[in-house]
1. Fewest first, what order do K112, K514, K208, K364 take by the number of other Cβ atoms within 10 Å?
2. Assuming R0 = 35 Å, what is the FRET efficiency of E147 and E511, from their Cβ-Cβ distance, to the nearest 0.05?
3. Could you order peptides 314-320, 399-405, 148-154 by the average number of other Cβ atoms within 10 Å of their residues, highest first?
4. Using a cut-off of 21 Å between alpha-carbon atoms, which lysines can reach K208, once sequence neighbours fewer than 8 places away in the same chain are excluded?
5. On a C-alpha basis, how far is the centre of segment 132-189 from the centre of segment 236-310 in Å? Whole number, if you could?
6. Normalised by the number of residues in segment 226-322, what is the relative contact order in percent for Cα pairs under 8 Å and 6+ residues apart?
7. Take the Cβ-Cβ distance between T372 and D422 as r, set R0 to 22 Å, and report the resulting FRET efficiency rounded to the nearest 0.05.
8. When we measure straight from the Cα of K411, which aspartates and glutamates land under 17 angstrom away, once same-chain ones fewer than 8 places off are left out?
Amino acid sequence: MTTSTTFSFLLLLQIFWLCLMNPPVSAAKKSYVVYLERDSHHETNKHVLGSDQTRQTYHDLLGSCLLSQERAKEAIFYSYSSIINGFAAVLEDDEAEMLSGHPGVVSVLPDKVNQLHTTRSWEFMGLEDSNGGIPEESIWKAANFGEDVIIANLDTGVWPESPSFNCTVSETIPSRWKGQCDSSSGFKCNRKLIGARYFNQGASAVNKLQAADSSAMDTDGHGSHTLSTAAGCLVPGANFLGSANGTAKGGSPKAWVATYKVCYGGCYDADILAGFDAAIQDGVDIISLSLGSFSPVAYSSDSIAIGSFHAVKNGITVVASAGNSGPYASSVVNVAPWMLTVAASSVDRQFESDVILGNGQKIKGISFNTDTLPPGNLYPLINAVDAKSSDADPSDAKYCYSSTLEPSKVKGQIVVCISSSDDVEKSLEVSQAGGVGVVLVNSYSDSPTPKAHYLPTSMVSKKDGDSILAYMSQAESPTAYISGDTVVGETVVAPAMASFSSTGPNGLTPEILKVHDCLMRCSKRCKHTNL
C-alpha cells in the first residue's frame with residue numbers, strides 16, 4: 001500500500017469514527033408566524049374562529065411543504081381563522097424558508113418577543129374641575145364617559161378583584177359582545193369586566209410556563225395598571241404612598257372592559273396575533289396595548305401592525321404605546337399609520353423633593369418621599385465615589401451599585417449617586433450603608449421621573465447635579481438637606497415629555513407624524529396603588 005493510499009484510508013477511518021462519535025443532530029426548531037393573503041374562503045368564514053375548514057386549509061398548505069399532513073398538524077399551534085389569515089407553527093429554518101416562497105404567503109416571521117412598555121390627569125386635560133365636577137364643555141359629557149363602548153386590553157391580564165374593575169356599568173351586556181370569560185383559577189367577570197382570555201402557546205413553545213400563566217389573572221401588575229388607566233371605575237380615596245389623594249378613574253369609566261393576556265415576562269408575536277384575532281371576533285370597539293418591539297419593525301413583519309390593520313379594517317380603533325426607549329430620536333415604535341400612538345408626559349403636578357445646600361442654594365428635584373429628614377438640620381454631603389469600599393470599582397461606586405459603598409464613610413451622610421435604570425436599589429444600598437439621604441443626578445435628561453425610595457431622595461437634572469458637584473468641590477465641609485412637597489398649578493410647566501418615553505420622528509414612514517398624543521399613559525409597573 002502506497003503512502004498516499006495509507007493516508008487516504010486513515011483519513012476515511014477518522015471521518016467514520018467522528019461520525020460515530022457525533023451522530024447527525026436534527027436542525028433546531030423555532031416558532032414562526034405565517035401571514036397569508038386573503039382569499040374568498042376566508043371572507044366566507046371570517047367569523048368562525050378555528051373553523052375546521054380553515055384549519056384544514058392551513059394543514060394542506062404546510063403539509064405540502066413538509067410532505068406530511070400529520071407533521072403539519074403537530075407543527076401548527078395557532079390558526080388565525082376569524083379575521084387574520086395565517087397560522088403559527090414550530091418549524092426548522094429551512095422549512096420556514098421554503099414556506100416563504102409558496103404562492104399566497106405574504107411573510108414568514110420568526111416569533112420574536114416584544115416588551116411591556118394616575119389621579120389628576122383628567123383635571124389637567126380639562127375633563128373635570130378641581131372639585132371633581134364635570135364642566136358642560138367636557139368631552140367626557142359628549143362621549144358619555146365611554147358608555148356602551150367595549151375596550152379590549154392586550155397585556156399581562158387583569159386582577160378582577162381590583163376596585164378599578166369592580167363596578168356595574170350596566171346590568172345588560174351588549175348583544176354584539178361575543179366573547180367569553182376564562183373562569184380558571186377562580187377568575188370571575190362582572191358587569192364591568194365582561195371578558196377575559198389568555199393566549200400562551202407562543203410563550204410556551206419557548207419557555208416553561210407556571211401554572212398561573214394558564215389563566216387571565218394578572219401576576220405582573222402591568223395589565224391591571226394600563227386597563228385601569230383606559231377605563232377604570234371611579235375609586236375614591238386613592239393615593240400613592242400617601243401622596244396625591246383623590247378619586248382615581250380611567251379615561252372611559254363607563255366603558256365595558258375585556259382583557260386578553262398575551263404577555264408572560266415578554267410578549268410573543270404569535271400570542272399577540274391570537275389576542276387581536278379573538279378581540280376582533282368578540283366584537284370590541286377599541287383595542288389598547290402598551291407593548292412593542294425595541295425598535296420599529298417593517299409593517300409586513302410586525303405582529304402589532306398586522307393585527308391592528310385587520311382591527312381597523314373591521315371598524316375597531318387601536319391605541320398603542322410609543323415605547324419606553326426615550327429620550328432618543330426615532331425610538332418610537334408602533335408607528336403604522338392606521339393606529340394611534342401615545343407617548344407619556346407630565347401633568348401640572350410635581351412631587352418636589354428639593355436639595356438645600358449648605359451655602360443656601362436651593363436645587364429643585366423630584367421624588368416620592370414618605371419619610372422626611374428632621375427640619376432645621378444640615379447633613380454631611382459625600383460623593384459616592386469618595387464613599388466607595390476598598391474593593392469596589394469607582395465606575396460602579398458612582399452609581400451606588402449593590403455592595404459598593406463603605407458604611408464607615410456613609411453613616412449619617414447624604415450620598416450623591418449617578419442615576420440609571422435601578423435607582424430604587426441605589427437608595428437601598430445607601431440605606432443599608434447607614435446613609436440618611438440620596439441625591440440622584442440624572443445622567444441623560446433634564447426631565448427625570450419620580451420614584452419611591454427607601455429613604456429621603458431627590459432626583460435632579462444633570463445641569464443641577466453639576467452645580468451640586470461644583471459646590472462640593474469648593475466647600476471644605478459640604479452639607480445639604482432634602483425637603484419634600486407636592487406642587488400643583490401654574491408654576492409647573494406641563495405637559496412635558498417623560499424622559500423615558502420614546503420619541504419621533506417616525507423611522508419607517510417619516511411623512512406620517514408619530515407620536516400622535518402625549519398623555520399620562522405611562523406603561524410602568526405600579527404596584528403601590530392597588531388599583
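1. K208, K364, K112, K514
2. 0.45
3. Descending packing order for the listed peptides: 148-154, 399-405, 314-320.
4. Here the lysines satisfying the reach criterion relative to K208 are K29, K30, K112, K261.
5. Distance between centres, Cα-based: 14 Å.
6. Worked out over segment 226-322, it gives 22 percent.
7. Efficiency at R0 = 22 Å is approximately 0.40.
8. Qualifying aspartates and glutamates at Cα under 17 Å: D386, E429.
Laboratory data are not the source of any read-out in this text; all were calculated from the coordinates shown. None of the values given here were measured: they were computed from a predicted structure. Cβ: placed from backbone, ideal geometry, glycine included. Neighbour counts: every protein chain shown.
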